[in-house]
Ligand SMILES: N[C@@H](CCC(=O)N[C@@H](CS)C(=O)NCC(=O)O)C(=O)O
């Protein structure tokens, strides 16, 4: 059985969502952030020396990094459904979107979040991150102008992975200026597996009253 080391209010919710989409057996080991430092507890370092989530264990294999986890899980359990066929241009584009999520889209989101914790976005980094965030959202909005999902008609692991940034931006500032992206986010988040992940994330989040 797959084990997911899940930290509350984190990128890990996407992995619950993916496991639900795949319909595989899994169990959660849950951790709570320190409410002041926002860091994960020391216990998480027993499975990932960096003490970060998500982490999965499957057949004795431990894998960190949400992009790698999505790639691994889809390749092993959902290659026929949640990814375009291997060795096709579509598969190459799919891999590009997988890397985009953590390699490009997450940076401005995290920078803006950390600056907001300091109550100061009016600085070089704040302006830089806002511009990059708008670039990311514009790119995704244009891409989705004539598509149901990032890969066209097929819902894939890339949609699950990229949802982290789009969902968070939707919650904090809304996506009205990006109507195609806004419709897309509503569409993917109403999938039963996404709703289940949301419910489980809330259930295991001790910060939610
Ligand atoms: N690029 C990594 C980032 C992992 C990461 O930073 N996770 C955060 C939660 S979203 C975390 O565990 N933070 C706890 C800490 O830094 O102590 C991934 O995609 O898995």
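Which residue, of 118, 159, 153, is loosely packed, with under 13 Cβ neighbours inside 10 Å, at pLDDT 95 or above and outside the structural domain of residue 14 (by TED's automatic domain parsing)? Step through it out loud before you land on a result.
On the way: 118 fails: at pLDDT 95 or above; 159 fails: loosely packed, with under 13 Cβ neighbours inside 10 Å.
Residue meeting the stated conditions: 153.
For residue 48, the criteria (1) exposed (fewer than 12 other Cβ atoms within 10 Å of the Cβ); (2) within 25 Å of residue 3 (Cβ to Cβ) hold in every case but one, which is (1). Being in contact with a strand residue (DSSP E or B) (Cβ under 8 Å, 6 or more places away or on another chain) and either in the same structural domain as residue 156 (by TED's automatic domain parsing) or within 15 Å of the ligand (Cβ to nearest atom) (or both) is the requirement here; does residue 95 meet it? In short, no.
Summed over the range 57-92, residues that are more than 23 Å from residue 152 (Cβ to Cβ), more than 14 Å from the ligand (Cβ to nearest atom) and assigned to a loop (DSSP other than H, G, I, E, B) total 2. Every residue in the range 25-44 that is within 17 Å of residue 62 (Cβ to Cβ) and either touching a helix residue (DSSP H, G or I) at 6+ places or on another chain (Cβ under 8 Å) or within 9 Å of the ligand (Cβ to nearest atom) (or both), please. If the condition is that a residue be within 17 Å of residue 62 (Cβ to Cβ) and either touching a helix residue (DSSP H, G or I) at 6+ places or on another chain (Cβ under 8 Å) or within 9 Å of the ligand (Cβ to nearest atom) (or both), then 26, 28, 31, 40, 44 are the ones that fit.
If you scan the range 162-181, which residues turn out to be over 18 Å from residue 110 (Cα atoms) and surrounded by fewer than 18 Cβ atoms within 10 Å (Cβ to Cβ)?
First pass over the range 162-181, keeping only residues over 18 Å from residue 110 (Cα atoms): 176-181.
Matches in the range 162-181: 176, 177, 179, 180.
The values are calculated or read from the model by the stated rules, or taken from the named source; none is laboratory data. From a predicted model like this one, the values you see are computed outputs, not experimental measurements. Positions of Cβ are backbone-derived with ideal geometry, glycine not excepted, and every protein chain shown enters the neighbour counts.
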